Amino acid sequence: MKRLLTIRTIGGTEHPIKGIIEKLPCFADDIMFVKHIAGQLCSDSLISIVDFDTPVSTELARAKRTTKYGDEFFEKNNLEDATFTTYVEIPDEKISGIEDKYNVTFEKEHFININEDDYKVRVFKANKKIDLYEVVDGEDVSKDDEIVISKGYAVNQNIKIGDKIKIKGKEYTVTGNFLRPDYLYMLENSDDTYKNITTFFLVYMTDSAYEKLGANSCQYKVVYGKDSDVNSFRKYINEQYKINSYLGRENNQRITMVDDQAVMFLIMAYVFLFTIPLITVALISVIIGRKIKQEQKLIGTLSALGYKNSTLIRHYSVLAMIPGLIGGILVTVVTKIIQQPFGELGLADYEPMPVKFTLPIHIAIIGMIIPTLIYMLEAAHKVSKLLKKDTVEMLNKNADGDSKIKHVLVGKKGKVRNKFAMRSILANPGRSFVVFLGAFLGALMITVAFMFIDSINNVIDKGSTGMGTFKYEYVLNKLKTEKTDDADELVIGKYEHDGSTFSLIGADKDVKYLNIETIDGERADIENGFYVTNVMAYAYKLKAGDEFSFVNPTTMEEKKIKISGIIMNDSQKLIVCGLDKARELLGWQDGTYNGLLSVKPLELGDEISKTVTCEDIKEQMQTILTEMSSIIYSLAVIGAIICIASLYVSVNMLISENRHNISMLKVLGLKNREINRMIIDVNHIIIPFGIAVGMIAGYLMMVVVFRIYSAIEGVLYTPVINVKSILLTVVIVVACYVISLVIVRRKAEKVDMVESLKDNRE
């Protein structure tokens, strides 16, 4: 049963406050006027649905689930510790003895590379011990005319189970899709920078069908034990069988990209954590403060009539729970709905891993509790601050000291409209901050999105031309001495430094197709010095004059050189020197080479170990950009929504605060257009400032992100934003502002001029 709300005066007698009660629902003392103000808060549209959960929890889930799945998949399918090849084949009967001697698991792996017209196929003979494949869709092969294919290619090319694929003129039926632990990131060649799932895929078939394909290649897989002497094992293999190449697990991007990408997810989670949630919480806190300011007359009245300060503080603290709890619940629901598809977008770089994304209950709880506590504390602080003021000031709605600010610039020369705008901004710093915040957030997020696209496109444009003018790069499977017409001869070797690998390239001083231009714009004197590419200089923190030590991965011999300069190349970690210097480091005879650069295809037959074209590089990078574009554009859309919501709330606050002024101006005969210019359009001067600061902050944020990303991927991402993107960012934010103005102006037009007369009567 509801009871009549009464107020106890200082003298102890009870008086009904009918005039106040008529404006407020009658509640028990402890929950009075919550509904009234809650309605006002909720009328401010989107303020109650902003929260921590979606951006932060999604990125954290990606990092956690990706790492967890990778670790479990690696362990279950016995991921390698290293892959190597030898010039002399290791006899099968020697393998078990080597395993026992060095405490390793050791296996020979057979495969065949087949080039068809539209795609490249790598057919494996199934391993028994290491890097085991796992069929995740359909069934494994049982007949000679059946194959299973890598899942990423099947998804990309929409190949269904039961479809036919031609390999060496014979058609095979696809019975399933598989994943393999050392190919979760699908690189055709281990030293490629970008994946290829459009023209390259893996295949397994029966052993008997495999044998019918003809000559094959082999490599060796090894898993080290806890007490394995790795260096001794590698030296023994090199002494007995001459190691041609050695790739440790820590340098194999097909494997490391899982953890590297998880690191990026964590970085993005922290970026979101320290931008969107904190800023939006600050925004809502300002709104709550403004709402309490509007209620200062009521608070003053109730205080004067005997209500305890603690009761009033408690009431408004309870009120402030509403946006936090509503936002927490709504965003938790939204996150649950979108997390799986959004999480899968973030894993587009990998083979399609069956990762299940869930919202941890503690994240959802934190997302509700932290904002709610902040809102409650803000409300308590604002009410407590008001209650320290003189009651008369609160009744006159002047407890915040606006009277002084309202007279600022009154006596100055200038247009009344401009003075009114300046007074409005200075008198309401909270609202002005909300306007700034809306423009800032929108500009920041849209800048980040456009800058990411522009920077990737810049890498695509410079990726091949930065390396040189060649169109074809050939790596040979044996050393040659014969001259090759219309081609640059190269000496190519692999080295290690602190667990990571890079390439050494030796070239003639007159090399035509390889870029050897230094960062100073001069041609490098490679015949008399050693030069590193700028991406390698960045990765290893090198500069001209530094000494640099590295290890030959085949002989484990340490080498040391002095850096002569830095060559412009953002895509490859290279040391470039003259042919003779490279041969000396590698211990090769004079006149030998194992690489070629050309502007046209060369007929080299079975001498080719690897071929890389500039078009392949561009295609791979474009694939990455295409796959990430959905995430990037969604970021821009979120930025636009936050911008519209923030600006709408701020302009709506402006209307609410100036209803009396709007009404009075209508009484004086001003038209809606003139009123808009004096009251609503005062934020015009704040918007450009917010856009400028937001764009600068977005640029600086991406500089940091790209630095981290460059260190992980081994590609130097230069932060770039085009003039077109800058203009488009400005246009979008201004458009968001205009949309919010159009919506709110209708509200201002509905203000009745009689309101000013009512206020004066009261």
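Values quoted throughout were computed directly from the atomic coordinates according to the rules given, and no laboratory measurement underlies them. Values in this document were obtained by computation on a predicted structure and should not be read as measured data. Here the Cβ positions follow ideal geometry from the backbone for every residue, glycine too, while neighbour counts run over all protein chains shown.
Brief remarks on what is shown
- Residue-span extension gain [residue 388 to residue 722] - 0.36 nm each, minus C-alpha spacing: 114.9 nm
- As a proxy for reagent exposure, 387, 602, 377 were ordered by neighbouring Cβ count within 10 angstrom, fewest first; the result is 377, 602, 387.
- In this Cβ point-charge picture (+1 for Lys and Arg, -1 for Asp and Glu), the range 88-241 has a dipole of about 120 debye about its Cα centre.
- Sequence of 295, 558 once ranked by neighbouring C-beta atoms within 10 Å, starting from the fewest: 558, 295
- With a simple spin-label model that places each label point 7 Å from the Cα along the Cα-to-Cβ direction, the separation between residue 497 and residue 115 comes to 3.3 nm.
- Among 303, 710, the order by Cβ neighbours within 10 angstrom, fewest to most, reads 710, 303.
- With R₀ fixed at 41 Å, the C-beta to C-beta distance from residue 155 to residue 606 puts the FRET efficiency at about 0.80.
- If R0 equals 60 Å, the separation of the Cβ atoms of residue 738 and residue 189 corresponds to a calculated FRET efficiency of about 0.70.
- Given 151/242; 76/221; 221/573; 94/129; 143/166, the pairs whose alpha carbons are separated by over 27 Å: 151/242
- Test item: Cα-centred dipole of the range 93-156, Lys/Arg +1 and Asp/Glu -1 on Cβ, debye: 380
- Label-point separation, residue 142 to residue 377 (7 Å along Cα→Cβ), nm: 6.5
- Stretchable slack from residue 212 to residue 482, in nm (0.36 nm times residue separation minus alpha-carbon distance): 93.8 nm
- On full extension, the segment bounded by residue 520 and residue 93 gains 148.0 nm, given 0.36 nm per residue less the C-alpha separation.
- A crude spin-label estimate for the pair residue 282 and residue 325, with each label 7 Å from Cα along the Cβ direction, gives 2.8 nm.
- Put simply, when 539-548, 91-100 are sorted by average Cβ atoms within 10 angstrom per residue, most first, you get 539-548, 91-100.
- Among 133-140, 469-476, 530-537, the order from most to least packed when residues are scored by Cβ within 10 Å on average: 530-537, 469-476, 133-140
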